Amino acid sequence: MASLGKIARRTFLIGAAAIAGGVAVGYYYYRKPYPNPLEGELAEGETTFNPYVKIGSDNTITVIAPRAEMGQGVSTTLAAFVAEELDVRLDQVKVEFGPASYAYFNAKMLEEGSGFNFWDDSYAAETARSMMLGAGKMLGLQGTGGSTSTTDGFDRMRQAGAAARLMLVEAAAKKLGVPAAELTTENATIVHKASNKSVTYGEVALDASKLSPPSEVVLKDKAQWKLLGKPQMRVDMLDKVTGAPIYGIDVRLPDMLYATVRMSPVFGAKPVRSDTSAAEKMPGVVKIVPIESSYGSGFGVIANNTWAAFKAAEVIDVEWGKPAYPADSEAIMKVIADAAVSGEATIERDDGDVDAAFADAPADKVIEADYTAPYLSHTPMEPMNCTAQLKDGEMHVWAPNQMPVLVRWFCADIAGIPIDKTHVHTTFMGGAFGRRGELDYAIYAAKLAKETDGRPVKVTFTREEDTQHDCYRTAAAGHFRARIGDDGLPIAVDLRVAAQNMSASLTSRWFPSLPAGGPDPSMTDGSRNQPYTIPNYRVASAPAPLPDIPVSFWRSVGNSMNGFFHEGFMDEIAHLGKVDPVEMRRKLMADFPAALAVVNKVAEMSSWGEKLPTGKAKGFAFTLSFGSWVGQVIQVAETPSGVKLEKMWIAVDVGTAIDPGIIETQMTGGAVYGLSAAMGQEITFKDGMVEQSNFHDFDAMRIWQAPQFEVAILENFHRMGGVGEVGVPPAAPALANAIFALNGKRIRSLPLSREVKFA
Amino acid sequence: MRLTVNGKPLDIEADPEMPLLWALRDIAGIMGPKFGCGIAACGACTVHVDGVPVRSCSLPLGQVSGEVLTIDGLAVDGKLHPVQQAWLEEQVAQCGYCQAGQIMSAVALLDEVDDPTDDEIDQAMGGNLCRCGTYPRIRAAVKKAAQIKLARA
């Protein structure tokens, strides 16, 4: 564990918050930080130019998209970066995810952890970002998260394509005996127009790969783009409409065994008494083994098929230990609410003099409010699973995962074999939303693979096990006050947010020997870093002392609750100040043209301000997260069967729009994810155990509840933002604010279903 | 026991209480139907039995009384079913995990109704959960599939 320990300390120092949120870097050639991982695994006739491009003598072009495809379209967008500069059509390339390798580290994922506001271009902010980048390099952090894949890949993957193209052209020039400058490229062919001669990339690939890479490349101007900036057909779509076995759960190997786990539903508890004899006698059961891990204690059940494993797991007779934390939701939420009111806090934003601004405030100009948000499960459609085989001192792991380098470290450590004998195959994922940045499924598969005499074993969680052993979106509470000026605008805002420290929770699972670490800035993401100018503006985070309940990164992380808190409270401020909520944003965001343009666009699209028939209303919210500026308006209607979501308008500024089709689906999909949670999701506890277990009591939006959508994509800001998570944060407050406009009910606790019946 | 799956006879030796889903996936290696919940609440495992959409995770093998069609058998001679073609053209899938079930539900709907309304689509597809939120494109694709089917008829 020496290497793990060393890396752990670095991760700890940097702040693990970066992981879910999102980082990767720079041009491979110009420093060659790592060997090209493709060298060792080329097929017959195949050659590689850099970690992103392989070309076969038959002109098969393979592009490595080294980020996990969980539905966000990243395999298409990353492949398009390389294809654009390589001058090939997207349907000419085969896309692979590549091996777990330090060559694919994500630099942007740590940049977000630098703690500076996205719009801050100051020397200090840029220095902090570049230090984070260096740290990412040191860690070789190959991760997918934080809506960073596109921003991270944008330069280096285009450079990789451009460099390979130059080398191919140079080789073709030699072969054809003409100057390279007279050659043009298109659709994987190099043409000499004057002599009407041409060669394919495949024909010169081997020669080209032996040339030294160019010392610099010139990338195409945006105006020259053929693929980028336009919607592409997704490279994974055909597989996904034909039911192809592309997911982790579809892995099927000769002589494979099937398994499941039954882990303690009380977090941190161990079995105090257990009897596995009846379960062992169940038909099809091969073996039941105890599991101890940083994710929990329990049992692995190995059988001849998944159903047999599920049935036997139910039959294990076990009594679990007692929780070391408050046993029910009411008591847990009290810990968090108390921290919001009076817990020791770290000030994350402090403009002006908030205390002075409140000292002489007249009572009728002060508004106070307490908000809460519940624990949430990720519940991707594909339950957690992983397949592992340990044979002859080598381990293969097939894992639908967001963190392949960490999966490799942990599995190698469990098997007691060197890292270079551990091979991670990242499969397609049936959703992730942050859940697959955790490692439990891989740890369990690796442990069970030690018990099967070299046979592969696939571990699949039941939905119940998945729901009750998530690493949850932390519950949170906000204790807020504001002072309104004579013009109705806020003079002072004082926001205290309490939640569990996500970085500390992650450290306890990944590097349990380390101390829990410092403050977690992601706790106030979405509150401390919003583009509002308010003279006295303080945002503080107070960690709630609940170390045993596992919490983690849930699509949009801290923004997911802070979006609701901040934008719900802004709506309250506007109401008290008798200012239209959109008009108030226009005034407070005047210093941020990108934000203002988004607000204006979504207001225009939705005909904001237009008189609506009785029984209909609109709500507005805005959140800047992961570098993208998002405004949403939702229209709701009172119907006999409850409140119906009629239509949502979304405007987003992503800086540069790489694939407008994918961006649109991420905006609508993110909104559905946020609305699902806002409308009805919550994870609650009784006797220290999660009460919900499956989609009957932790459901999500169904098709009949889905509103119509209209999306506008803007490109005003000078830096590119992410898209995978940014549609989530404004959805809950937009809906809550619409409900206030509809019936005057101000709801400050999610889910809204506690007080509203939805159609 | 002997089943007919995707037009071919299939002998499966398994406990008759084993859900059809697991018999297809773990024993027969037919991987199109997906496991999502095990309680017929999400629809990812939807297959047809004699043309009727059923949740294979909750149908014991011993109670399968007709021909089984899974997404794996939907395209004929390499030609996509109109619903698959529409899903491709409308670029519906994100993670794609629920889409096998969505497509099987849509196929069953269009077998019953040539030109479904929004309400009919919402009703027929209500049992199929999608966590990526592809619903707007599912609605569009079902309508497009109706057109493709009509054009091919």
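Read-outs throughout are calculated quantities, based only on the coordinates presented, and are distinct from any laboratory measurement. Quantities reported herein were computed from a predicted structural model and do not represent experimental measurements. Please note: Cβ atoms are built from the backbone with ideal geometry, for glycine as well, and neighbour counts cover all protein chains shown.
Quick notes
- From least to most packed, judged by other beta carbons within 10 angstrom and beginning with the fewest, A:HIS718, A:HIS425 follow the order A:HIS718, A:HIS425.
- Of the Cα atoms belonging to the range A:683-722, the radius of gyration and Dmax stand at 19.0, 51 Å.
- Antiparallel DSSP beta bridges within the protein assembly as shown, as percent of all bridges there, nearest 5: 75
- Take the Cα of A:THR184, step 7 Å toward its Cβ, do the same at A:MET605, and the gap between the two points is 3.8 nm.
- The residue among B:MET18, A:LEU645, A:THR372 whose Cα reaches farthest toward the positive pole of the charge dipole of the protein assembly as shown, with charges on the beta-carbon of Lys, Arg, Asp and Glu, is B:MET18.
- Dipole axis of chain A (+1 Lys, Arg; -1 Asp, Glu on Cβ), positive-most option in A:PHE97, A:VAL630, A:ALA171: A:ALA171
- Panel note: the C-alpha atoms of the range A:545-585, placed on their principal axes, show extents of 44, 21, 7 Å (largest first).
- Cα gyration tensor, the protein assembly as shown - rounded (a/c under 1.5), prolate or oblate: rounded
- Per-residue HN-Hα couplings for the range A:457-470 [Karplus 6.51, -1.76, 1.60; θ = phi - 60°; Hz; x = Gly/Pro]: 9, 9, 9, 10, 7, 5, 4, 5, 4, 4, 5, 8, 10, 8
- Between B:ALA151 and A:GLU330, the modelled label-to-label distance comes to 6.2 nm, taking each label 7 Å out from Cα in the direction of the beta carbon.
- Stretch gain in nm, segment A:GLU319-A:LEU219, where the contour uses 0.36 nm per residue and the Cα spacing is subtracted: 29.7 nm
- Annotation: amide H of A:GLU348 within the under-5 Å range of A:VAL539, A:ALA540, A:SER541, sequence separation 5 or more or interchain, hydrogens built in the peptide plane.
- Shape of chain B, Cα gyration tensor, a/c cut at 1.5: prolate
- Peptide B:83-89, shielding by other chains (average Cβ, 10 Å cutoff): 3
- The slack in the chain from A:VAL341 to A:MET233, taken as 0.36 nm per residue of separation less the alpha-carbon distance, amounts to 33.8 nm.
- Average beta-carbon neighbours from other chains, 10 Å sphere, peptide A:307-315: 3
- Less than 5 angstrom separates the built amide H of A:VAL235 from those of A:THR76, all sequence-distant by 5 or more or on a different chain.
- Dipole of the protein assembly as shown computed with +1 at Lys/Arg Cβ and -1 at Asp/Glu Cβ about the Cα centre; of A:PHE569, A:ILE534, A:PRO418, farthest Cα towards the positive end is A:PRO418.
- Counting only other chain Cβ atoms within 10 Å of each residue's Cβ, the peptide A:692-701 averages 4.
- Anisotropy class of the range B:2-73 from Cα gyration tensor, a/c 1.5 cut: rounded
- In order along the range A:523-528, the Karplus-derived 3J(HN,Hα) couplings, from 6.51 cos²θ - 1.76 cosθ + 1.60 at θ = phi - 60°, round to 4, 10, 4, x, 10, 7 Hz, and Gly and Pro are given as x.
- Our note on the geometry: Cα centres of the range A:694-723 and the range A:326-403, 21 Å apart.
- Model label points for B:LYS8 and A:LYS281, set 7 angstrom from Cα along the Cα-to-Cβ axis, are 4.0 nm apart.
- Basic side chains Lys and Arg get +1 at the Cβ, acidic Asp and Glu get -1 at the Cβ, and with that the dipole of chain A about its Cα centre reaches some 800 debye.
- Per-residue HN-Hα couplings for the range A:642-658 [Karplus 6.51, -1.76, 1.60; θ = phi - 60°; Hz; x = Gly/Pro]: x, 7, 9, 8, 8, 7, 10, 10, 10, 10, 9, 9, 9, x, 10, 8, 7
- Expected 222 nm ellipticity per residue - DSSP helices of 4 or more, -39500 (n - 2.57), all of chain A, to 500: -9500 deg cm²/dmol
- For chain B, the longest principal axis of the Cα atoms and the long axis of helix B:135-152 meet at an angle of about 90 degrees.
- Cα-derived Rg to Rh of the range B:82-152, Kirkwood definition: 0.92
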